[in-house]
Structures are given as structure tokens and as C-alpha cells.
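Student: Attaching a single structure in C-alpha cells format; questions to follow.
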Amino acid sequence: MAKTVKLEDIAKEVGVSTVTVSKALSGQKGVSEEVRAKIKALADKLGYVQPSKARRKGSRKSYNIGLLIEESYMDKYDSFYWQMYQQIATKAMAWECFTLMEIVGRQSEGRVELPKLIKEQRVDGVIVLGKLPKHFLEMLKSSAKIPVVYMDFTDEERNVDAVVSDSFYGAYELTNYLFSMGHEKIAYVGTLLATTSITDRYLGYVKSMIEHGVPIREDWRIDDRDIRSGYIDEENLLQIPKDMPTAFVCNCDLTAGKLINKLQAQGYRIPEDVSVVGYDNYIYPGICDVEITTYEVDLGEMAKRAVGVLLDRLQDHTVYAGIHIVEGHLVIKDSVRSI
């Protein structure tokens, strides 16, 4: 019985979606305790065994998991995406799986070449770290023939399995915090549409500004990176506005650090004259000398869910997890002053 019962069987009988069943059985938020208890009771009655547990009790088959990342996300320093990769590799090893990483170059994207890991059939499934160009992702969907999970982004179609941080409400919470500290003249730093996360964080900032009755100023939306390459361009972009705000919401800590350096070079003190917040709670040493107030991403939980979703898909190709949104939390440091 346990081998034949699927999530959709439980969902149909309870009258909910398979995503709700998946969340209930994996302990995720977003399901009432009453519904969760009902789903678990029915799952036990029907003899449902989660794919990961079945794998450990049965053949203990291990999988090869491919990780694809665009080259602009990797630099000579210990980048945020290296940390993400390490978390995924650790979670995969806990399930006796192996990870193989391939960096996707711009030339490969332009020619829309199938990654070698997939072409040579070296992996059973793939996790894509960070957004790749739309035409490349469409090629993966149509040609990969193996399960694909997005991590740290999703696409406009939303008919994919993806794990993302709560960018919208994270930036919303950061902006609300600045209002609580007396700030109203608040700018946003990040190139819209460069990544899904940057755009979502801007929309969280906008929500807070609207709710506080403060108009959005176009001159206080500051680009930080080239929209094509993704590289932060502090020389030609990241420009300090003539009419200065009292605070800046930055789309990531790296941008926040580079902005702080430019502000200090122009004689501004942080946070005495200007307050700055970032996102990720990750910045490599030596970028700036100020501890940045930020919103911490739960990389461990994101990696755990991405690996779990992929393994469930490998075990049962009918499983559809949808979009997993992982909450983070505000981390208060030294870059904000109450006014």
C-alpha cells in the first residue's frame, strides 16, 4: 500500500492541493494545525511513506545532483552562492547523494547549449542556483528530460519547482524598521529586473512606503548593476543623489557595503549622517568597516528544501512542489541611527 499511495491521493480525499499536503507532511508553514492533523492521520491510515524515507528503508539509492550557476555569480572571493552551494552539498550528503557543479558561461547561454552534466547524463536531477536567461531556462525545461529545481529565483510562469527567500516581506520589514527609527526620506538601491529577488525586494520597499503615506521618488531608486552582466558597477552606477535621503534600502549587503564606501568618500558618516540597510547577512571581509543592519537569509533551510523537493521529484515524477518561500529575520547591527 505504501508504495502506491501518492500525495495526490491524499489531496483528493482531504479536498486540498498536493502542495498543501506536501507542506503538511514536511512540517512547513502555511497549513492550519487542523488541516495538518487531518492530512497526517489520513496519510498514516493509507500507509503513505515519504519518498525520502522510502529511499532509506529500501534500496538506499543515491543520486547525482547537478548544480548549475551562471559565471557572473561567482567571483574570486567566497561569494554568497558559494555558501549556497556548500549548504546544498552538505544536505545532499546527508541523503547519501553526490553533487556536481557546472558554471554556465555567457557563451554557452548565448548558444543555448545543454550543460555537459546533462548532455553526458552524469546527473539524475538539477538545481539551478540564481536566475539564468529566460531562453536558457526554456531550453532546460524542454530538453533536460530530468527534474529541475530553481533556487533563489522563479520565473513569471510559476509552473516550476522553486525555493526562494522571502524577498518581498524581508525588504518590507527592513523599510518598516527604518520608519520605526524615524526615517521617512528613504531610497532604494538595486537595478530592477536584473534578478527576481531585486525586483521583489523593491516591491516590498514600495509596499512599506505606500502604507506610510510616503510618495515613491524616481530619483531615489538607484541602479547598482548592469542588467545584462549582473556585475555591480560602482563607478558608472550606484550614484549618490543630489537631494540626499536619510536612509537607503539596498538589495544586498555587497551593494550596501559598496554604497557605504562611496558615502564615506564624500564625507558622510554612517550612521550619524546616513543610515543604510542590506539583505542576506552575508558580505566577504574587507568590503567596508561598518557592520550592516540586514535581513538574514536562512540558507540551510533553503538548501534543505531544494534538495528535498528534487529527491521527491526523482522518486515520484508526478509530485509538484510549487514555490517554497523561506522566511528569514531582521539582524540589527550598527548602520542605522534613530532620528
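The values are calculated or read from the model by the stated rules, or taken from the named source; none is laboratory data. Nothing here was measured: the structure is a model prediction, and the numbers come from that model. Cβ placement follows ideal geometry from the backbone for every residue including glycine, while neighbour counts extend to all protein chains displayed.
Student: Restricting the search to the range 160-191, which residues are part of a strand (DSSP E or B) and over 15 Å from the mean Cα position of the chain (by Cα)? Explain how you work it out, then say what you get.
Tutor: Step one: of the range 160-191, the residues part of a strand (DSSP E or B) are 161-165, 186-189.
Answer for the range 160-191, where residues must be part of a strand (DSSP E or B) and over 15 Å from the mean Cα position of the chain (by Cα): Ile186, Ala187, Tyr188, Val189.
Student: Test Lys3 against the stated conditions and say whether it is surrounded by fewer than 16 Cβ atoms within 10 Å (Cβ to Cβ), over 23 Å from the mean Cα position of the chain (by Cα), modelled with pLDDT under 70 and within 25 Å of Glu301 (Cβ to Cβ). Walk me through it before giving the result.
Tutor: Numbers: surrounded by fewer than 16 Cβ atoms within 10 Å (Cβ to Cβ): yes; over 23 Å from the mean Cα position of the chain (by Cα): yes; modelled with pLDDT under 70: yes; within 25 Å of Glu301 (Cβ to Cβ): no.
Against the criterion (surrounded by fewer than 16 Cβ atoms within 10 Å (Cβ to Cβ), over 23 Å from the mean Cα position of the chain (by Cα), modelled with pLDDT under 70 and within 25 Å of Glu301 (Cβ to Cβ)), Lys3 does not qualify.
Student: Same structure, new question: With respect to Leu178, determine if the residue is within 27 Å of Gly105 (Cα to Cα) and not β-branched (Val, Ile, Thr). Reasoning before the result, please.
Tutor: Working: within 27 Å of Gly105 (Cα to Cα): no; not β-branched (Val, Ile, Thr): yes.
No, not satisfied.
Student: Condition first: over 21 Å from the mean Cα position of the chain (by Cα) and either under 30 Å from Tyr268 (Cα atoms) or not hydrophobic (A, V, I, L, M, F, W, C) (or both). Now tell me which residues in the range 288-331 satisfy that.
Tutor: As a first pass, look at the range 288-331 and keep what is over 21 Å from the mean Cα position of the chain (by Cα): 288-291, 314-319.
Passing the criteria: Cys288, Asp289, Val290, Glu291, Gln315, Asp316, His317, Thr318.
Student: Mind telling me which of the residues Ala321, Ala306 ends up being buried (at least 16 other Cβ atoms within 10 Å of the Cβ), at pLDDT below 90, closer than 21 Å to Trp95 by Cβ and not charged (D, E, K, R)? I'd like the intermediate steps shown before the answer.
Tutor: Values: Ala306 fails: at pLDDT below 90.
Sole residue among the options that is buried (at least 16 other Cβ atoms within 10 Å of the Cβ), at pLDDT below 90, closer than 21 Å to Trp95 by Cβ and not charged (D, E, K, R): Ala321.
Student: Going through Ala144, Ala171 one at a time, which residue ends up being among the small types (Gly, Ala, Ser), touching a residue at least 12 places away in the same chain (Cβ under 8 Å) and in contact with a Lys or Arg (Cβ under 6 Å, 6 or more places away or on another chain)?
Tutor: When all the criteria are applied, what remains is Ala171.
Student: Moving to a separate point now. Might you let me know whether the range 250-264 holds any residue that is part of a loop (DSSP other than H, G, I, E, B), among the polar types (S, T, N, Q) and in the same structural domain as Ala194 (by TED's automatic domain parsing)?
Tutor: yes
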